[in-house]
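Notes follow once the structure below has been shown.
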Amino acid sequence: MIPKLCATGMMCLGCLVLLPTARAQRQLQDNFCPWPDKIWTNTFTLTNTPAGFGITVDFSNRCYVANGSAIYVYDSTGASLTNWTVPSARDVCFDPVSNVVYVCSATTSNQVRIYDSNYNLIRQWGTNTLSSPNGIAVGSNGLVYLADTGNYRIQVFNAQGNFVRQWGQSGSGSGQFNGIYDIAVGPDGSVYATDYTNARVQQFAANGNYLTAYSGTSWYTKTIAMAPDGLIYVWGGNSALWAPRLFPAQLGNEFFLSVGAPDWLVGAAFSPRGNLLYVLSQTQIRVFRRIYRTPGTIPPNAVPLPVVLNVAQRPSTTWVDIDFSVIDADDATVQAGVVACLNGRQDLLAIIPMLTFTNGTDVMLPTNVATGVKYHLTWNAGADWLTSYGNVKINVLAKDARGLLDAHYITIPSNATYTTPLTISQSPYTQTDFLGVWTWLVATANPNIRLTTGSVYAVNSAYGVYSNALATTATNTLTTTTTTDGRTFIFAMMTSNMVSTVYSNWIIREATTGEVNSAKLGTTGKITQWTPRVQINGLPQLVNEYSFDTGSFNTNNPSWYPTNDWWTVLVPR
């Protein structure tokens, strides 16, 4: 029976329905570890009010907390250092330019106070034009921004306390507030302010002109924090919202982090370097580490975007015509591959390798393709897909200079016994990451693997792996699992690909449980020695890999920790 595309596009007996899709390489990861690096208990209890109690962090990772009557200071481990009285202290912020700490208080005189790194008062000013200021921020220009809650507006001063400008009024329109409790200044000078009862965050230009707003459903905004690169953290009455600032005018594209606090959140702050987020609850402070899964040197900025322009089956044939192009602003060529997925599923049982191309094909994938150019493929579906009817999606994939797995490595110091430092990825790999690698290898017809009824095997003992499956999909759950041998294969392949690159002095292996514990706790742990296992062509020594489950080092609540995650380490030759 010859499959054909019926007029309705619906699947029917004797019909092949083709659904065009395009999939770019995944955007660079920017997220937070799902468990805190540190947790410590406040030496005081905060009340739950719409006003956000302040928290800030200096370059030494000393943490300052405004608790309503004083400023409490903790070191980077959570040990209490000191505290000093500031009547009605509402918010606190660290200025990385002048290396001083600003505090606003909602006393009768409504003051701003400036302290040096030794907690000495440098300057203060007060003005009766302020009414219960609850939030304070300092821009890179040295200007001081206040959330003037009682007056429903933003006021701006210079560091000497001289008035510069103000804007806002009571109401629900653009530039109006009904509960302005916190404020932040972006790297481009934009000003962000929470608008509690109006359930939104408003964004303004540096001169006070209204730009845009982000609104949530019954989402009463309380706390806002700004990272040096513009990532915004906002917390409201109903959810914890993450809004990455990908473009100056964008407040959308939010993603979420469950902070697991035992009570209400009342404040948050990024460290000056932007790699840590401190979340203040009524009784605890939790520190989360930001993850950048980006290979060592910064890769090209633009992620290649494949665009499927047309998919159509030729009448009375098993040939499928596919037109596509790849958009990339900073690469003239990218590597491209193509694969078909049964019913659009994402598992190895659903993958149909597209290997047979025929009449009308002007580019034979996989290969490097020029970006911004229209290409045509004619796939002989009948030769590669031995069925009379069905439903598939055509996936065009593209990859630039980025590696197959994103990683950003940190170095853990060694102890006196083992002098070689351990360099470990901040982010674990997951089964989903590995499935993406297998899909890419199938789409690019990698000669080192073969796909057989939902399982991947190494060809000719590639990368030291022999007869066992590298990955397999369960027929009952359609869950794809990468095996120990599969991870050995992937890490060995990554190492081999580094031989002629800037990474040529390193090899990759999988981290052990103890090493990950050491990294998680930030301690100088014993660097585990390992027995060589896999020989990689071009490398002077063998490579080993280990398997472990992150659930094995749960220390508080097992639900905080993901399972089936694996870290990698870079090891000097």
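Against the test of being open to solvent by less than 30 Å² (accessible area, probe 1.4 Å) and at pLDDT 65 or above, the options Val97, Val65, Val17 yield a single qualifying residue, Val65. Asn128 meets all of the listed conditions (1) under 33 Å from the mean Cα position of the chain (by Cα); (2) without any contact (Cβ under 8 Å) to a residue 24 or more places away in the chain but one, namely (1).
Considered as a group, the residues in the range 319-358 that are open to solvent by 30 Å² or more (accessible area, probe 1.4 Å), in contact with a strand residue (DSSP E or B) (Cβ under 6 Å, 6 or more places away or on another chain) and outside any strand (DSSP E or B) include one that is farthest from Asp384 (Cα to Cα), and that residue is Asn343. Would you check which residues across the range 71-81 are open to solvent by 10 Å² or more (accessible area, probe 1.4 Å) and in a strand (DSSP E or B) and list them? Matches in the range 71-81: Tyr72, Ser80, Leu81.
Rundown of residues vs (1) touching a strand residue (DSSP E or B) at 6+ places or on another chain (Cβ under 9 Å); (2) under 12 Å from Gly68 (Cα atoms); (3) buried (at least 19 other Cβ atoms within 10 Å of the Cβ); (4) not hydrophobic (A, V, I, L, M, F, W, C), yes/no style:
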site	(1), (2), (3), (4)
Val86	yes, yes, yes, no
Arg90	yes, yes, yes, yes
Ser117	yes, no, no, yes
Asn120	no, no, no, yes
Asn128	no, no, no, yes
Ser131	yes, no, no, yes
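For the range 467-477, which positions are out of contact with any Asp or Glu (no Cβ under 8 Å at 6 or more places or on another chain) and surrounded by fewer than 18 Cβ atoms within 10 Å (Cβ to Cβ)? Answer for the range 467-477, where residues must be out of contact with any Asp or Glu (no Cβ under 8 Å at 6 or more places or on another chain) and surrounded by fewer than 18 Cβ atoms within 10 Å (Cβ to Cβ): Ser467, Ala474, Thr475, Asn476, Thr477. Selection over the range 82-128 of residues that are in a strand (DSSP E or B) and touching a Cys at 6+ places or on another chain (Cβ under 9 Å) gives a count of 12. Within the range 399-426, being under 27 Å from the mean Cα position of the chain (by Cα), at pLDDT below 85, farther than 19 Å from Thr484 by Cα and assigned to a loop (DSSP other than H, G, I, E, B) holds for Ala401, Arg402, Gly403, Asp406, Ala407, His408, Pro413, Pro421, Gln426.
Consider Tyr457 carefully, then state whether it is surrounded by fewer than 18 Cβ atoms within 10 Å (Cβ to Cβ), among the hydroxyl-bearing types (Ser, Thr, Tyr) and either modelled with pLDDT under 90 or not in a helix (DSSP H, G or I) (or both). No; evaluated as a whole, the condition is false for this residue.
The values are calculated or read from the model by the stated rules, or taken from the named source; none is laboratory data. These numbers were taken from a predicted model, which means no experiment stands behind them. Cβ sites come from the backbone with ideal geometry, for glycine too, and all protein chains shown count toward neighbours. For accessibility, only protein heavy atoms count, side chains too; no ligands or nucleic acids. Shrake-Rupley method; radii C 1.70, N 1.55, O 1.52, S 1.80 Å.
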